[in-house]
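Remarks on the structure that follows.
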Amino acid sequence: MVKSVKEKLQILADAAKYDASCASSGTSKRNSLGGKGVGSSEGMGICHAYAPDGRCISLLKILLTNFCIFDCRYCVNRSSSNVERARFTVDEVVQLTLDFYKRNYIEGLFLSSGIIRSANYTMEQLVEVARKLREEHDFRGYIHLKTIPEADAGLIETAGRHADRLSVNIELPSETTLSQLAPEKSGTTIRKTMADVRYRIDDRKDAARSRLIRKAKPPKFAPAGQSTQMIVGADDTNDAAILSTSTTLYAGYQLKRVYYSAFSPIPDASRDLPLIRPPLIREHRLYQADWMLRFYGYSQDDITSSMEDGMLDLTVDPKLSWALKWRDNFPVDINRAPKETLLRVPGLGPKTVSRILSARRYTRLGLQDLQRLRVSLDKVRPFILTCDWSPGKLTDLHDLKSRFAPKAKQLDLFAA
Ligand code: SF4
């Protein structure tokens, strides 16, 4: 039976939800029901992501198709899965994007796809959507294209000319499990494609900087950079190894983001896969550790030094976990410590630290000043010195962690 565009949208927006590489963010629900206003933040396939300048934008997040010739065992769209299938034409995606954009539902498109016929054929289709939007319809919204690693370099070049961001999924943190669970994929090819994307981004930046060719502006290539997604909990790779892979990816390919996606058990799954999804808090802790690597100046060794058996503590955040483990670094004098040291104090983020640094040029700070900067005093007290506060023995208190960890709950015997 021929499916309507609406039916296809239902299937292909749902199939795209497993891709975390345009992270959703909390937003209030809005709509124009009742005749007031234009647009809606609700609807099939609409998700929210952060643009490079920090703006939260709504994206139409869909697959071109969920047919796939590959059989990655962790994927609901694998060839052996019996999910309902659908496929958009290029023109249908273009029209949907334009319609949603004109109605003010979205500010951009996130487009991925299962692999149909071949990597090149699929990539051609994805690129054609972006090309039509840009060249034929002068679409100026945000475009994020998923890149098929096995596709030709020429197609990736064209994709980067039209898309703001490209992403190549690393899929799993370990190459060994990748070859077991996704035998048609190659870790080497994935990394080679990431290297190629990085080279093209760097090349365009260098060209734009070069005085010689400043007059002839070089064509843009993925100005919002590249990102990737790693599935967590589909194999037994621990958090230390996951963060090690991320560190290598950030350093080697200048990724903007590594997205961590907790494995979701799928129907008729292979026996090699876990039956339950890992706790969502694990995904959250990995994001926190990732931020510590990127914005707080921690090294991978710093973070792993406070882990037990290579796993992040699920009860407290990794920055607090590090501070509790290495208490001889505390208390930190808020009025004298350098920026790098302040950033290691649990409860102080980069914004607060820069406010502290500017405020202390004029005055010596006390607890009330920190409170005015919206710092949680309960969290920072054991780790800081101010002009009116010293933690004394609090920093070394044997059960300090219990003050921060959530209280254990009695399980309900009759809970479902
Ligand atoms: S190639 Fe992508 S869509 Fe196809 S089975 Fe693998 S993960 Fe799923």
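The values are calculated or read from the model by the stated rules, or taken from the named source; none is laboratory data. Worth saying up front: this structure is predicted, and the values here are computed from it rather than measured. All Cβ positions, glycine included, derive from the backbone under ideal geometry; neighbour counts span all protein chains shown.
Check region 315-335 and report whether any residue there is at positive phi and in a helix (DSSP H, G or I).
no
Can you tell me which of Val83, Val38 is at pLDDT 75 or above and not small (Gly, Ala, Ser)?
Checking each option against the conditions leaves just Val83.
Checking the structure you have, find out if any residue of region 228-247 is surrounded by fewer than 21 Cβ atoms within 10 Å (Cβ to Cβ), farther than 25 Å from Met307 by Cβ and not aliphatic (A, V, I, L, M).
no
Tell me, which residue of region 107-118 that is closer than 14 Å to Leu133 by Cα and surrounded by 20 or more Cβ atoms within 10 Å (Cβ to Cβ) is farthest from the ligand (Cβ to nearest atom)?
Gly108
Return the only residue of Ile69, Ile11 being modelled with pLDDT of 95 or more, in the same structural domain as Ala163 (by TED's automatic domain parsing), within 16 Å of the ligand (Cβ to nearest atom) and touching an Asp or Glu at 6+ places or on another chain (Cβ under 9 Å).
One residue alone meets the criteria, Ile69.
Just to be sure I understand, how many residues within region 171-205 are over 15 Å from Gly225 (Cβ atoms) and either in contact with a strand residue (DSSP E or B) (Cβ under 6 Å, 6 or more places away or on another chain) or not polar (S, T, N, Q) (or both)?
14
Being surrounded by fewer than 18 Cβ atoms within 10 Å (Cβ to Cβ) and under 22 Å from Tyr298 (Cα atoms) is the requirement here; does Pro346 meet it?
So Pro346 does not fit the description; no.
Give me the pairs: first residue in region 246-274 and closer than 22 Å to Asp71 by Cα and of a type in the set (Gly, Ala, Ser), second residue crowded, with 17+ Cβ neighbours inside 10 Å and at pLDDT below 85, beta-carbon distance under 9 Å, and six or more apart or on different chains, which are they?
Ser261/Tyr18; Ser261/Asp19; Ser261/Ala20; Ser261/Ser21; Ala262/Ala20; Ser264/Tyr18
Could you list, in sequence order, the residues of region 159-169 that are more than 16 Å from the ligand (Cβ to nearest atom) and surrounded by 19 or more Cβ atoms within 10 Å (Cβ to Cβ)?
Passing the criteria: Ala159, Gly160, His162, Ala163, Asp164, Arg165.
Inspect all residues belonging to region 217-235 and state whether any of them is closer than 27 Å to Val76 by Cα, in the same structural domain as Glu150 (by TED's automatic domain parsing), among the hydroxyl-bearing types (Ser, Thr, Tyr) and touching a residue at least 60 places away in the same chain (Cβ under 8 Å).
Yes, that holds for at least one residue.
Which number in (1) assigned by TED's automatic domain parsing to the domain that holds Arg131; (2) closer than 30 Å to Lys351 by Cβ; (3) surrounded by 19 or more Cβ atoms within 10 Å (Cβ to Cβ); (4) under 14 Å from the mean Cα position of the chain (by Cα) marks the one condition that Ala289 misses?
(1)
Residue by residue, here is whether (1) of a type in the set (Val, Ile, Thr); (2) within 13 Å of the ligand (Cβ to nearest atom); (3) touching a helix residue (DSSP H, G or I) at 6+ places or on another chain (Cβ under 8 Å) holds:
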{"site": "Tyr121", "(1), (2), (3)": "no, no, no"}
{"site": "Gln125", "(1), (2), (3)": "no, no, yes"}
{"site": "Thr147", "(1), (2), (3)": "yes, yes, yes"}
{"site": "Ala151", "(1), (2), (3)": "no, yes, yes"}
{"site": "Glu171", "(1), (2), (3)": "no, yes, yes"}
{"site": "Ala182", "(1), (2), (3)": "no, yes, no"}
{"site": "Gly187", "(1), (2), (3)": "no, no, yes"}
{"site": "Phe221", "(1), (2), (3)": "no, no, yes"}
